[in-house]
Structures are given as C-alpha cells and as structure tokens.
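> If you scroll down you'll find the structure; I have some questions about it.
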Amino acid sequence: MIDIAIIQNAVEGLGDMGLSLTIASIGSAIGTGIAGMAAIGGWKKMILSGQKAATAMLIFVGAPLSQVIYGLILKNAIADTNLAPESYVWQIIIGLFAGAAMAGSAIFQGKTGARACDAIASGANDTAKYIMVIGIVETVALFVMIFTMTGLPGS
C-alpha cells in the first residue's frame, strides 16, 4: 500500500500545472505568426515598389513574445506559494484564465502589429506611435500577471 504522505509530498508545489505559461505561449505563437505574415507582406510591397524594406517591422513581430515571460513568471509564482494539494483545482483554474487573458493580449498585439506593418509599407511611417499602441495592448498582460500574483495567498 502506498502511503498518502508520500503522494502528498510528491505533488506539493504543483501550482497551475504550467497552464499559465502554456496558454500564454500559444497566444504568443499566434500573435507573432500574425504580425510576421504581415511584415513579410509589407516587405514584399515595399521591395516591389522600389523602397528599402523597413526593419522596424521586426519590433511588431517580436512584441507578442513577452507574454511567454509573463506566463513563466506567473507559473513560478503560483508554484512558489506551495499551497495545499486540495487547492490544485483552483490553482489550475487561475492559471487557465490568466493564461487565456495573456494569450488574448499576445494575439491582439500580433493583430495590432500587423496593421502597423501594413501602415509602414503604405508609407505612413509613424513607428513611435505604433509602438505606443502595442505597449497599451501589452499592459493587459502585465496587469493580469501582477493582479493575479498579488491575489495569491501569502503575497
């Protein structure tokens, strides 16, 4: 017979099972893909019209990657609280919803970045303003991470 204490010790610190990181990463992959496709299309448009391809578009392609880092920080924070195994369902739910919110931010960063790439390729090169908009969308993911971490027991 397996001793219950051994099983409980083996699963302590399980946290959200990595859901916050995994789901945020999926959003980042989708967001970078969306912005990346737009950047390639924009470069094609610029090159065919005799312009130099704007490397600033890479900023918009890479912007959604930060949600991977936020997901990792949150996953570690949830695991570090080392809550009782009875709360694992709630920790998983927290990770699921926080990861989904961060994924949404990453996806919309990609869509916003795609529009910025299109604008630059069309000659409306106001990169600083486009970066500010990307930063506002980014703030959603930061708020989710910070507010979730401050809501954890023992924070």
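The values are calculated or read from the model by the stated rules, or taken from the named source; none is laboratory data. Quick caveat, the model's predicted, so the values are computed rather than measured. Using ideal geometry, Cβ is built from the backbone for each residue, glycine included, and neighbour counts are taken over all protein chains shown. Note: areas computed on protein heavy atoms with side chains; ligands, DNA, RNA excluded. Shrake-Rupley method; radii C 1.70, N 1.55, O 1.52, S 1.80 Å.
> Calculate for the chain the 222 nm mean residue ellipticity that helices alone would give, adding -39,500 (n - 2.57) per DSSP H run of length 4 or more and normalising by residue count, nearest 500 deg cm²/dmol.
Numbers: 6 runs with 117 residues, N = 155.
Here the helix-only value at 222 nm equals -26000 deg cm²/dmol.
> Suppose the chain between residue 127 and residue 97 were pulled fully straight at 0.36 nm per residue; how much longer would it get relative to their current alpha carbon spacing? Kindly include the intermediate steps, with their values, before the conclusion.
Numbers: separation 30, 0.36 × 30 = 10.80 nm, distance 3.22 nm.
Separation in residues times 0.36 nm, less the Cα-Cα distance, equals 7.6 nm.
> Within the accessible area of the chain, what % is carbon and sulfur when the probe is 1.4 Å and the other protein chains stay in place? The partial results should precede the final answer.
Working: 6110 of 8430 Å².
Carbon with sulfur: 72 percent of the solvent-accessible area.
> List the lysines whose Cα sits under 23 Å from the Cα of residue 45, skipping any in the same chain fewer than 8 residues away.
Leaving aside lysines fewer than 8 places away in the same chain, those within reach of residue 45 are 111, 129.
> Same structure again: So, R0 is 30 Å and r is the distance between the beta-carbons of residue 52 and residue 72; what FRET efficiency does that work out to, to 0.05? Don't skip to the answer; put the middle values down first.
Values: r = 37 Å, r/R0 = 1.22.
About 0.25, to the nearest 0.05.
> Taking just the alpha carbons, could you work out the radius of gyration and Dmax for region 17-83, both in angstroms?
16.8, 60
> Further, regarding this structure: Within the chain, which complete DSSP H helices have Cα atoms spanning at least 27 Å along the helix axis and a mean Kyte-Doolittle hydropathy of 1.6 or higher?
On the way: long enough: 19-48 (43 Å, 1.21); 88-121 (48 Å, 0.94); 127-150 (34 Å, 1.73).
The answer, listed by residue number, is 127-150.
> Show me the three semi-axes of the equivalent ellipsoid for the chain, from the C-alpha gyration tensor (sqrt of 5 times each eigenvalue), largest first, rounded to whole Å.
Details: eigenvalues 339, 39, 16 Å².
So the equivalent ellipsoid measures 41, 14, 9 Å along its semi-axes.
> Only Lys, Arg, Asp and Glu count, each charged at its Cβ (+1, +1, -1, -1), so figure out the dipole size of the chain about its Cα centre, rounded to 20 debye.
The calculated dipole for the chain is roughly 940 debye.
> Continuing with the same structure: Taking only protein heavy atoms and a 1.4 Å probe, what accessible area per residue, in Å², does the chain have with all protein chains in place?
Values: 8430 Å² over 155 residues.
Averaged over the residues of the chain, the accessible area is 54 Å².
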